[in-house]
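This report refers to the structure that appears directly beneath it.
The values are calculated or read from the model by the stated rules, or taken from the named source; none is laboratory data. All figures in this text were calculated on a predicted structure; none of them were measured in a lab. Positions of Cβ are backbone-derived with ideal geometry, glycine not excepted, and every protein chain shown enters the neighbour counts.
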Ligand code: C5P
């Protein structure tokens, strides 16, 4: 979704510089134009050729190189860049930026840009915790720089502490978030539920379902990248929630209901992608149920319909996982729950619905328009759903 955007990736002299190659690779794979600017000490750790081979673009290392004509080019690059990311950013580079020095290509470029700047510090724990580094970072933050990390862990010095470069995934998430500022969902607050609730039977057993959480997580990530402020309310899943969104972990339908009620207040939209149990055991046994009687019955009672209950001035989107008469059943749910639109899928296909990475959905709106989408990745389905949400948020009646 960020195809054609332009990023300057600044790499400075830290042992973690090799991780910047992966950052460059992931950004390039996403269709983003990546111009790498390396400090002299960074080239001691990784070669410019590694970056050049990945980005298919010249790598800039020397301000005075006669061949690159960079004294003009760095201004052009700085002007064109949508974001500048410095990963890893050493204590030395951070200090130079805080002072506004321009004694190498990277600091020159940063000084002449009006693009947002992201710093991913990496250094030894002592350097990081030193008051001067903390003050420099604070000064840069107060000027609008975004700082991601550092993480806690084992450092190259053998010490353990704060100073590791943040995870590549986390740095990429922050880049996407910054690129998404001004997107079509900026200023909107979205609540998205995901995963399958678990209804406890006794201390070791529960009633669950096959929901993987992938669709809801893909929606949260895509909405974040379009500028929305996202709260993800998630039942247990085996996948990691996207960074840059508020995450609320719940287990049961009743917990999810409370979290949705709390967070939906004042939100612009609620998307319920969670597979919420429709029934739960009336009582949870205090002790593990013994394997004694020949037959065992568990009394189930209905859970509240969260989506149906939520009222107010917000857009409501539901999902309908159906095994038969998909459009009819989904349309009935849309009406019963008072939804703006519903995303229905036929869960009988092996390539669609629970657990898999792809989905084939039908989106039905309030006035009965039926949009049958082809088989797509869940990340692509998420974009289609958000396209329709953006139409509704802008006041469109049909999506
Ligand atoms: O009725 P059904 O469970 O099929 O409805 C599916 C939709 O309703 C989903 O969007 C689901 O998240 C939501 N739901 C709910 N509360 C329940 C059950 C389902 O909000 N108790």
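In summary, strands (runs of 3 or more DSSP E) completely within region 133-234 and bearing 3 or more residues that are over 19 Å from residue 270 (Cα atoms) occur at 151-154, 160-164, 199-202, 205-207.
Residues checked against (1) closer than 23 Å to residue 145 by Cβ; (2) surrounded by fewer than 24 Cβ atoms within 10 Å (Cβ to Cβ); (3) modelled with pLDDT of 95 or more; (4) within 28 Å of the chain's Cα centre (by Cα):
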| position | (1), (2), (3), (4) |
| --- | --- |
| 22 | yes, yes, yes, yes |
| 52 | no, yes, yes, yes |
| 64 | no, yes, no, no |
| 77 | yes, yes, no, yes |
| 86 | yes, no, yes, yes |
| 92 | yes, yes, yes, no |
| 99 | yes, yes, yes, no |
| 109 | yes, no, no, no |
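Kindly indicate whether residue 388 is within 29 Å of residue 251 (Cβ to Cβ), within 16 Å of the ligand (Cβ to nearest atom) and either surrounded by fewer than 17 Cβ atoms within 10 Å (Cβ to Cβ) or in the same structural domain as residue 269 (by TED's automatic domain parsing) (or both). Here the answer is no, as residue 388 does not meet what is asked. Looking at 333, 369, just one residue is farther than 22 Å from residue 208 by Cβ and in the same structural domain as residue 217 (by TED's automatic domain parsing), and that residue is 369.
Among residues that are surrounded by fewer than 22 Cβ atoms within 10 Å (Cβ to Cβ) and under 19 Å from residue 380 (Cα atoms), residue 208 is not included. Based on what the data block shows, is residue 123 touching a strand residue (DSSP E or B) at 6+ places or on another chain (Cβ under 9 Å) and in a loop (DSSP other than H, G, I, E, B)? The answer is yes for residue 123. Screening region 238-351 for helices (runs of 4 or more DSSP H) wholly inside it with 2 or more residues that are more than 10 Å from the ligand (Cβ to nearest atom) returns the ranges 253-264, 326-336.
Residue-by-condition table, conditions (1) modelled with pLDDT of 95 or more; (2) outside the structural domain of residue 290 (by TED's automatic domain parsing); (3) under 25 Å from residue 322 (Cα atoms):
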site: 207; (1), (2), (3): yes, no, yes
site: 225; (1), (2), (3): no, no, no
site: 231; (1), (2), (3): yes, no, no
site: 238; (1), (2), (3): yes, no, yes
site: 246; (1), (2), (3): yes, no, no
site: 250; (1), (2), (3): yes, no, yes
site: 255; (1), (2), (3): yes, no, yes
site: 264; (1), (2), (3): yes, no, no
site: 275; (1), (2), (3): yes, no, yes
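The rows are residues; the columns are (1) surrounded by fewer than 16 Cβ atoms within 10 Å (Cβ to Cβ); (2) modelled with pLDDT under 90.
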{"site": "338", "(1), (2)": "yes, no"}
{"site": "348", "(1), (2)": "yes, yes"}
{"site": "354", "(1), (2)": "no, yes"}
{"site": "368", "(1), (2)": "yes, no"}
{"site": "377", "(1), (2)": "yes, no"}
{"site": "394", "(1), (2)": "yes, no"}
{"site": "397", "(1), (2)": "yes, yes"}
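Residues that are farther than 27 Å from residue 314 by Cβ, in contact with a helix residue (DSSP H, G or I) (Cβ under 9 Å, 6 or more places away or on another chain) and touching a residue at least 40 places away in the same chain (Cβ under 8 Å): does region 213-226 have at least one? No, because not a single residue in region 213-226 is farther than 27 Å from residue 314 by Cβ, in contact with a helix residue (DSSP H, G or I) (Cβ under 9 Å, 6 or more places away or on another chain) and touching a residue at least 40 places away in the same chain (Cβ under 8 Å).
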